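Please treat every number below as a calculation from the coordinates, not as lab data. On a predicted model such as this, the values are computed, not experimentally measured, just so you know. Please note: Cβ atoms are built from the backbone with ideal geometry, for glycine as well, and neighbour counts cover all protein chains shown.
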Amino acid sequence: EAKNDMHLLKKVNEDLRTDVRNLHSRLYLFERESRACNLEIHCVPEHRNENLVNMVEQIGKITGNPIKEGQISKCTRIAKLNKDSPRPRTVLVKFFSPITRDQFYASIIKFNKNKSKEDKLNTSHLGLAGEKYGVFIMEHLSPEAKALHAQARKFKKENQWQFVWSRNGNIFMRKNISSDVVYIKNADIFHTLV
């Protein structure tokens, strides 16, 4: 009877582990889909009476992809994860459609392509007075994907890889322009890339 109980408990434990893995996978997909219309704008100095929607429209004009106010569902600054960081709070932009988001994001990538560091999108393009700072725009990743993206950037730097990027909430890497693209599903893959 004790053996049967032990066997039953092992079976229940195995079933529960499977359920947790399935729920984790579903949650990850839900988080990714819920961010499909979002972008984050980093390193824009904060001002008391700033109009973030106008700023997004200005970025659209500069990058050749005009955005109208009606295409933006929400535009706000979000709380810092690290309260002691000197960087300004990130701007979260939620578009009404993922197509609008993707077109806006693509126009920024195209604008920055083949430009020197000084000429890429920066605060002077937005008409902000003061010292010129780079403005960085990226997908709004889930906390799990954000951590994985940070690990990928660290791996890239330490192992002389050239490219790390995200697309639709997924993380990708490429050692050089002629190498194959590697999908970074989880942190375990880094051990196979060395």
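Annotation: amide H-H contacts under 5 Å for Tyr133 (H modelled 1.01 Å from N, sequence separation of 5 or more, or interchain): Thr123, Ser124.
Scale the Cα Rg of the chain by the rule-of-thumb value 2.2 N^0.38 Å and send over the ratio, two decimals. Walk me through the numbers before you get to the answer.
On the way: Rg = 21.1 Å, N = 194, 2.2 N^0.38 = 16.3 Å.
That ratio works out to 1.29.
Gyration tensor over the Cα atoms of the range 142-194: the corresponding equivalent ellipsoid has semi-axes (square roots of 5 times the eigenvalues, largest first) of 16, 12, 10 Å.
Could you state the number of Å between the C-alpha centres of the range 7-41 and the range 112-178? A separation of 28 Å, based on Cα centres. So which residue, out of Glu131, Glu139, Glu57, gets the largest mean-square fluctuation from a GNM of the chain using Cα contacts under 10 Å as springs? Looking only at Glu131, Glu139, Glu57, the largest GNM fluctuation is found for Glu131. Which of Leu92, Leu27, Leu141 moves the most in a Gaussian network model of the chain with Cα springs under 10 Å? Top of the fluctuation ranking is Leu27. Panel note: the C-alpha atoms of the range 35-140, placed on their principal axes, show extents of 35, 31, 23 Å (largest first). When the Gaussian network model of the chain links Cα atoms closer than 10 Å, the mean-square fluctuations of Ser97, Ser166, Ser25 top out at Ser25.
Classify the range 28-94 from the C-alpha gyration tensor, please: rounded if a/c falls under 1.5, else prolate or oblate depending on whether a/b exceeds b/c. Let's see the in-between values first.
Details: a/c = 2.08, a/b = 1.07, b/c = 1.95.
Oblate, because a/c is 1.5 or more while a/b does not exceed b/c.
Taking label points 7 Å from Cα along the Cα-to-Cβ direction, Lys156 and Ile62 give a separation of 2.1 nm. Sorted on the mean count of surrounding Cβ atoms within 10 Å across their residues, most packed first, peptides 38-44, 118-124, 180-186, 76-82 read 38-44, 118-124, 180-186, 76-82. Between Asn176 and Ile109, the modelled label-to-label distance comes to 2.3 nm, taking each label 7 Å out from Cα in the direction of the beta carbon. The charge dipole of the chain, taken about the Cα centre with unit charges on the Cβ atoms of Lys, Arg (+1) and Asp, Glu (-1), comes to about 420 debye, rounded to the nearest 20.
Sorted ascending by nearby beta carbons within 10 Å, beginning with the fewest, His140, His47 become His47, His140. Fewest neighbouring Cβ atoms within 10 Å first, the residues His24, His149, His125 line up as His24, His125, His149. With K and R counted +1 and D and E -1, the other residues having a Cβ less than 15 Å from that of Lys157 yield a net charge of +4.
This ranking places Met6, Met173 by how few other beta-carbon atoms lie within 10 Å of each, fewest first, which gives Met6, Met173.
What does the helix-only formula give at 222 nm for the chain: each DSSP H stretch with n ≥ 4 adding -39500 (n - 2.57), the total divided by the residues, and the result rounded to the nearest 500 deg cm²/dmol?
Values: 5 runs with 79 residues, N = 194.
When only DSSP H runs of four or more count, the value is -13500 deg cm²/dmol.
For the pair Ser85 and Leu27, label points projected 7 Å from Cα toward Cβ lie 2.2 nm apart.
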